[in-house]
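J.: A single structure is presented below for examination.
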Amino acid sequence: MNAVTDPLDNLQSLTSLTVLNASAALERGHAAIKAGQTAFDLRHVLTVDSVAVSVMLAWQRAAHDAGVKLELRNLPPALQSLTKLYGVCSLLFPSDVKLEQDCAAPRSLEHDEFAPVKAPDTVFAKKTAVAGASAEASATQHHH
């Protein structure tokens, strides 16, 4: 396994955090923590899946065990969404780090094109409204 050779890298060269590279990213993070890094910059991570959350939690655990606080910086929107989805924001981001509303890490403008699109509430209200229908009628109309 290749250890982090540039202590100033702060994991900036990491471009994906998926099941395909989780073990390597995990080891790389552990090596960085052992080398004294206390901040990982994830601004260049463009591809993520749910394993990314596990890797970040393992990094935080390793930092805690080493007696240091690890700061995860510039998380892309997809990764922010996963941390919210799994409800692990407080585990990943220390309480003394100021976060944006809804537990999001500070935004990185270069990731805006990957931000999730939110449909207007009126779209969902129209599709899900069953105004005036009886419970029985709405039960027969509801399909999975």
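J.: Those residues that are closer than 18 Å to Q12 by Cβ and out of contact with any strand residue (DSSP E or B) (no Cβ under 7 Å at 6 or more places or on another chain), I need them from region 35-58; list them, please.
T.: Hits for region 35-58 are A35, G36, Q37, R43, H44.
J.: Step by step: first the residues of region 64-98, then only those that are part of a loop (DSSP other than H, G, I, E, B) and surrounded by 17 or more Cβ atoms within 10 Å (Cβ to Cβ), then the one that is modelled with the lowest pLDDT. Which residue is that?
T.: Checking each candidate, the answer is F93.
J.: Based on what the data block shows, is Q60 of a type outside the set (A, V, I, L, M, F, W, C) and at pLDDT 95 or above?
T.: Against the criterion (of a type outside the set (A, V, I, L, M, F, W, C) and at pLDDT 95 or above), Q60 qualifies.
The values are calculated or read from the model by the stated rules, or taken from the named source; none is laboratory data. Note that this is a predicted model, so its numbers are computed, not measured. Quick reminder, even Gly has a Cβ in these numbers, built from the backbone with ideal geometry, and neighbours come from all protein chains shown.
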